[in-house]
Structures are given as C-alpha cells and as structure tokens.
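S.K.: Starting off with a structure, shown below.
The values are calculated or read from the model by the stated rules, or taken from the named source; none is laboratory data. What you see is a predicted model, and the numbers here were worked out from it, not measured in a lab. Because the Cβ atoms are built from the backbone with ideal geometry, glycine has one as well, and the counts that use them run over all protein chains shown. Surface areas here come from the heavy atoms of the whole protein model, side chains and all, with no ligands, DNA or RNA. Shrake-Rupley method; radii C 1.70, N 1.55, O 1.52, S 1.80 Å.
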Amino acid sequence: MAKQWEEMTPAEKRADLCDKWLNPPGAKFESPRTEKEYKARVQRFLDALNMKKPDRVPVFPMQGFFGAYYGGYTPYDVMYDYNKLMESYVKMIVETAPDAHSSVTGAPPGIVYDILDYKLYSWPGHGVPKNASYQAREGEYMKASEYDALIADPLTFS
C-alpha cells in the first residue's frame, strides 16, 4: 500500500510529484506521438533539475506579451479581447514549441483592472500606449522614519 502524503519524506514527496508530472493521472493524450513528445519534454526538465545531462537545454520562455506581438496584436488587444488572446498565444506555442510555457498569465483581463481602478500599475491603454507593457507606478509609500515603528509593532502600524 502506498504511503500517505503526510507519511512521506521530502525525497519521496518530490519523487511522487515528479512521477505525476511525467505520468499525469487521468490524462488522455491526443495520440501516442503526443504522449511521447510530452514525456520527452518533462523528462528534459527532470534531468536538468536532477543535475543529469538532458538531451538538450529545456526551453521555458517567460513570454509576457510576446504571444500578442507574435500573433500580430497589441497587449491592449489581448487584454480586452479573449479570442485574440487565445488565438495569438496558441499560435505562438504551436509554432515555437517551447518545452513549457506559462500560459497567458502575462495578459490578465484588462476589465479586472478597470473595475478595480488599479493604482499600482499603468497598463496598455491606461497610462501606457496600447502596444506597450505594464509600468509600475513608483512612489514613496513608506518614509524612512516609519520603519522603526513598523518593526516594533507591525499589527498596529498604519
């Protein structure tokens, strides 16, 4: 009988997670070729993580808005039109075939920022051009003289 998660050592937990990544329970692959290619990509990462020599360097680009540009759209387009978002990122992933990708998280729904009236960043079409990326809105949010009070009592600091 398999050990329960709570009973496993850190090494056993890691091995279990790696096995589930390589052989995802319940996954149905489109074809044997798709499964073989998936497992080769995962094994590439596992070999690198385990300090073994992979067949080649694994590629995991942190693409941000690259998918939008690759698909011929602006960051604004993909933040406000989900069909364009999916079309452009699927095109990029299929045509560039990275070993892994971070999905479309670089392009969150613009409407959420609109509703929240978000103040920490300017985003495409809202403080920066529609073809630009985010821009942090810098500011002095805490003065040097306030650090001692925060450290002394973080619960009541305001």
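S.K.: Just one of Tyr113, Tyr141 is part of a loop (DSSP other than H, G, I, E, B) and either out of contact with any Leu (no Cβ under 8 Å at 6 or more places or on another chain) or polar (S, T, N, Q) (or both); which is it?
M.R.: Tyr141
S.K.: Any idea which residue in the range 56-69 is farthest from Pro109 (Cα to Cα), counting only those that are touching an Asp or Glu at 6+ places or on another chain (Cβ under 8 Å) and surrounded by fewer than 17 Cβ atoms within 10 Å (Cβ to Cβ)?
M.R.: Looking at residues that are touching an Asp or Glu at 6+ places or on another chain (Cβ under 8 Å) and surrounded by fewer than 17 Cβ atoms within 10 Å (Cβ to Cβ), I get Val59.
S.K.: Look at Ser103 and say whether it is outside any loop (DSSP other than H, G, I, E, B), touching a helix residue (DSSP H, G or I) at 6+ places or on another chain (Cβ under 8 Å) and of a type outside the set (A, V, I, L, M, F, W, C).
M.R.: Taking the combined requirement at face value, the residue does not satisfy it.
S.K.: Moving on to the next point. I'm trying to understand the selection: among the residues of the range 86-96, which are within 16 Å of the chain's Cα centre (by Cα) and either open to solvent by less than 60 Å² (accessible area, probe 1.4 Å) or on the phi > 0 side of the Ramachandran plot (or both)?
M.R.: Result: Tyr89, Met92, Ile93.
S.K.: I've got another one for you. Go through (1) touching a Ser or Thr at 6+ places or on another chain (Cβ under 9 Å); (2) polar (S, T, N, Q); (3) farther than 30 Å from Pro58 by Cα one by one and return the number of the condition Asn131 breaks.
M.R.: (3)
S.K.: What do you reckon, is Asn83 assigned to a helix (DSSP H, G or I) and either open to solvent by 80 Å² or more (accessible area, probe 1.4 Å) or free of Cβ contacts under 8 Å to residues at least 12 places away in the same chain (or both)? Talk me through it step by step, then tell me what you get.
M.R.: Working: assigned to a helix (DSSP H, G or I): yes; either open to solvent by 80 Å² or more (accessible area, probe 1.4 Å) or free of Cβ contacts under 8 Å to residues at least 12 places away in the same chain (or both): yes.
In short, yes.
S.K.: Starting from the range 25-45, keep only residues that are aromatic (Phe, Trp, Tyr), then list their pairs with residues that are in a loop (DSSP other than H, G, I, E, B) whose Cβ atoms are within a distance under 6 Å, requiring at least 6 positions of separation or different chains.
M.R.: Pairs found: Phe45/Pro58.
S.K.: Oh, and also: In this structure, is Leu46 more than 15 Å from the chain's Cα centre (by Cα), within 25 Å of Leu17 (Cβ to Cβ) and of a type outside the set (D, E, K, R)?
M.R.: yes
S.K.: Give the range 14-31 a look and list any residue that's open to solvent by less than 100 Å² (accessible area, probe 1.4 Å) and among the basic types (Lys, Arg), or say none.
M.R.: Result: Lys20, single match.
S.K.: In the range 2-13, is there at least one residue being open to solvent by 50 Å² or more (accessible area, probe 1.4 Å) and either under 18 Å from Pro58 (Cβ atoms) or within 22 Å of the chain's Cα centre (by Cα) (or both)?
M.R.: Among the residues of the range 2-13, not one is open to solvent by 50 Å² or more (accessible area, probe 1.4 Å) and either under 18 Å from Pro58 (Cβ atoms) or within 22 Å of the chain's Cα centre (by Cα) (or both), which makes the answer no.
S.K.: Continuing with this model, one more query. Criterion first (more than 30 Å from Asp16 (Cβ to Cβ) and hydroxyl-bearing (Ser, Thr, Tyr)) does Thr96 satisfy it?
M.R.: Numbers: more than 30 Å from Asp16 (Cβ to Cβ): yes; hydroxyl-bearing (Ser, Thr, Tyr): yes.
So Thr96 passes the test.
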